[in-house]
1. When Lys and Arg each count +1 and Asp and Glu each count -1, what net charge do the other residues less than 14 Å away from Glu133, Cβ to Cβ, add up to?
2. If the viscosity is 1.002 mPa s and the temperature 20 °C, what translational diffusion coefficient in µm²/s does Stokes-Einstein give for the range 4-192 when Rh comes from Kirkwood over Cα pairs?
3. What does the charge count around Trp120 come to, taking other residues whose C-beta lies under 10 Å from its C-beta (Lys +1, Arg +1, Asp -1, Glu -1)?
4. Compute the Cα gyration tensor for the range 5-93, then decide on rounded, prolate or oblate, letting a ≥ b ≥ c be the square roots of its eigenvalues: rounded whenever a/c is under 1.5, prolate when a/b is larger than b/c in the other cases, and oblate in all that remain.
5. Using a Förster distance of 22 angstrom, determine the FRET efficiency expected from the C-beta separation of Glu4 and Ala29, and round it to 0.05.
6. Which value in nm describes the separation of the simple spin-label points at Asp119 and Tyr88, placed 7 Å from the Cα toward the beta carbon?
7. Asp53: net charge of surrounding residues, Cβ under 12 Å, Lys/Arg +1, Asp/Glu -1, itself excluded?
8. So what is the relative contact order for the range 1-125, in percent, with contacts set as C-alpha pairs under 8 Å and at least six apart?
Amino acid sequence: MTIETLLKAIPVPATPFEAYVGPWRPIEAALGTALPQDYKDFIRLYGNGRFLDFLGIGVPVSRCPNLQLVSQAQIVSNIFRAIEEPAYPLWPAPGGLLSFGSTDNGHNLYWSCRGPPDDWGVVVWDPGMGDYERFDCDLTDFLAGLITGDVVPKSFPEELLPCDYLFTPYSYRDFGEFRMSWRVSYGGAPTDGPNPEAAGVRDREGGGEKS
């Protein structure tokens, strides 16, 4: 699995926001699993931003805690265990769903962590029906498919395409809105969970050590 399909679908931003090149060991240690290579390449090249003016992907390190991959995974898993009996096991259960992103309409985006990380598929949770839809592709092929129209989740709005904003890097001026929308969507401040920054990860924008 590689990022090549996404690179063909959408150019890499000239100045990616909160791009990250490592170290990956503290992030993976906090999650208890290795991560797919295409995700690492995606974060290194595209950084933190919005696809189709509709969805965002969690990043390893951000000055906004709500956008951090580990914090997001912890919060989503805790909330779903509290409100319902999930149709799939959730992280950190072996082979469980690991949250990596969300949409403006409240969808949760997951990896299905079965087998080696580079073989993980994508699962979309529909907040309306509570259904889970699985896609047999990696994260970057899923994003590329959304942009080309080859991947069409049943619960996504029909008017996503055409879109003038295929990918828009975030900026720090957006962070106040993120904090407020997170509280509204999830009913409170983030719960305590593993924090990669506490494991010695420093904030890097577009540079740093490799794992």
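Nothing in this text is a laboratory measurement; each read-out follows from the coordinates by a stated rule. Note that this is a predicted model, so its numbers are computed, not measured. Every residue, glycine among them, receives a Cβ derived from its backbone with ideal geometry; neighbour counts consider all protein chains shown.
1. Working: positive: Arg134, Lys154; negative: Asp126, Asp131, Asp136.
It works out to a net charge of -1.
2. On the way: Rh = 16.7 Å.
This corresponds to a translational diffusion coefficient of 128 µm²/s.
3. -3
4. Values: a/c = 1.96, a/b = 1.60, b/c = 1.22.
It is prolate, given that a/c is not under 1.5 and a/b is the larger ratio.
5. Efficiency, rounded to the nearest 0.05: 0.15.
6. 1.6
7. The answer is -2.
8. Once normalised by length, the contact order is 20 percent.
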